[in-house]
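Shown next, in structure tokens, is the structure this report addresses.
Please treat every number below as a calculation from the coordinates, not as lab data. Since this is a predicted model, take the numbers as computed values, not measurements. Heads up, the Cβs are rebuilt from the backbone with ideal geometry, glycines too, and the neighbour counts pull from every protein chain shown.
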Ligand code: GLU
């Protein structure tokens, strides 16, 4: 068996979006699974739309997801000489030919075919055939170069996702592989690259299925081995429509910004069109061990934001508190919140991670411990009953001397409500609001312990 070589070949016309990231992930995982090589190739021949910023955005996205490539990035624009060389070889071998048909002639041909309700296609007028006499090339028309596509038979492949696909060669006209100015065209460059780079498995979006028969014919004409193709179905948004900008966070880096962990996004993307039984939660390593082309679904995969959030929370809970705090700290700093001098951020995030499904939600939740809390008077009035006031004063006195640990604080709360004949929430609720400005918090004894004696006393002193 030949060593596996896969590639991710983005066109740098925008950021790395979710669909591209999944293609990259599957290509990467397949190479890793088989101890192969993962190549990054930048398909930048569309000069009008390709930008260096987009190349960087794609590389940033792949770095964030840790989809490391082993070779490249190779840029198609830097391989022009090679494409031209192959075109010369094809002309010499008779698998490509010059075509002098002008734009006007092509327009006329198209109009004629449309009038006859035929599919518009090049009619092969400059195609050399045995026994055919070609017109004399006009001196003033710079020729394009066309691939001499086989006329008969079918081109077929066993798509690793979609199964067998067959196209009659009669359906394919002779593709232009070099424009009149000599620049090679897209499908041709892909073939030369896949050949030169020894790609064994092409894993890509199914928007390329239509290109595949042409590419297979060109590869065959080059004497290249045809790779295995796996065309991934598209991804639909939560609402069932094709995933697009309308669905918000389609750029991978937007997920970083929104507070998702790369591990969660990887796990999520892995399940987008691939399955291993009912397994939903698995590490990158586990995915690599399980991944194969045989369990990729041919039908479209639907995005499910809730599931991604659920996975994200799972991975957040998995992180040691120090690491989680290190990820939340810059998010707080970005909002101008300084955690120095406040309670331990490690403890704060550990306390709130069960209630947060993104790092941003977690940052929102713990922010109160590092800013001055001014409880909303209405919220306070709603939770602070008259009969609880003496209990709060008593509790504050106890707080001044209690052992600073959760069980002792919990005992003090219990003792205070017992002494004042109150139900637990009558004290716990106003304490929550006074200390955090919020009626919903984790266990109040833990919140008190987190804030610290000084902070709690200061807040309770403000008790109106
Ligand atoms: N450059 C193409 C794209 O971004 C991918 C081509 C391929 O994988 O063959 O859609």
If one computes the Cα centroid of region 50-82 and of region 334-380, what distance in Å separates the two points? 39
Inverse mean reciprocal Cα-Cα distance (Kirkwood Rh) of region 115-212, Å: 16.2
Rounded to the nearest Å, what's the spacing between the alpha carbon centres of region 240-287 and region 159-211? Just the number, please. 28
So for 70, 181, 159, fewest C-beta neighbours within 10 Å to most, what's the order? 181, 70, 159
Taking region 36-76 on its own, what percent of its Cα-Cα pair distances exceed 12 Å? 62
Please arrange 392, 218, 406 by how many other C-beta atoms lie within 10 Å of their C-beta, fewest to most. 406, 392, 218
Shape call, region 1-106: gyration tensor on alpha carbons, a/c limit 1.5: oblate
Angle check, please: helix 52-64 long axis (alpha carbons) against the longest principal axis of the chain (alpha carbons), in degrees 0 to 90, nearest 10. 50
Just to be sure I understand the model, the point goes 7 Å from the Cα along the line to the Cβ. What's the resulting residue 283 to residue 64 distance in nm? 2.4
Burial-style ranking of 108-120, 293-305, 355-367, average other-beta-carbon count within 10 Å with highest first, yields 355-367, 293-305, 108-120
By counting other Cβ atoms within 10 Å of each Cβ, how are 429, 197, 424, 80 ranked from fewest to most? 424, 80, 197, 429
Using square roots of five times the C-alpha gyration tensor eigenvalues, list the equivalent-ellipsoid semi-axes of region 141-287 in whole Å, biggest first. 36, 19, 15
For the chain, what are Rg and Dmax over the alpha carbons, in angstrom? 32.2, 111
Helix 186-196 versus the longest principal axis of the chain: what is the Cα-based angle in degrees, 0 to 90, to the nearest 10? 80
By the Cα gyration tensor axes a ≥ b ≥ c (a/c under 1.5 gives rounded; else a/b larger than b/c gives prolate, otherwise oblate), the shape of region 275-327 is oblate
Given the peptides 260-266, 230-236, 340-346, arrange them by the average over their residues of other C-beta atoms within 10 Å, most packed first. 260-266, 230-236, 340-346
For region 299-425, max minus min Cα coordinate along each principal axis, in Å, sorted largest first? 64, 36, 29
Using Cα atoms only, what is the angle between the long axis of helix 18-33 and the major principal axis of the chain, expressed in degrees (0 to 90) to the nearest 10? 80
Between residue 171 and residue 305, what is the label-to-label distance in nm when each label sits 7 Å out along the Cα-to-Cβ direction? 3.8
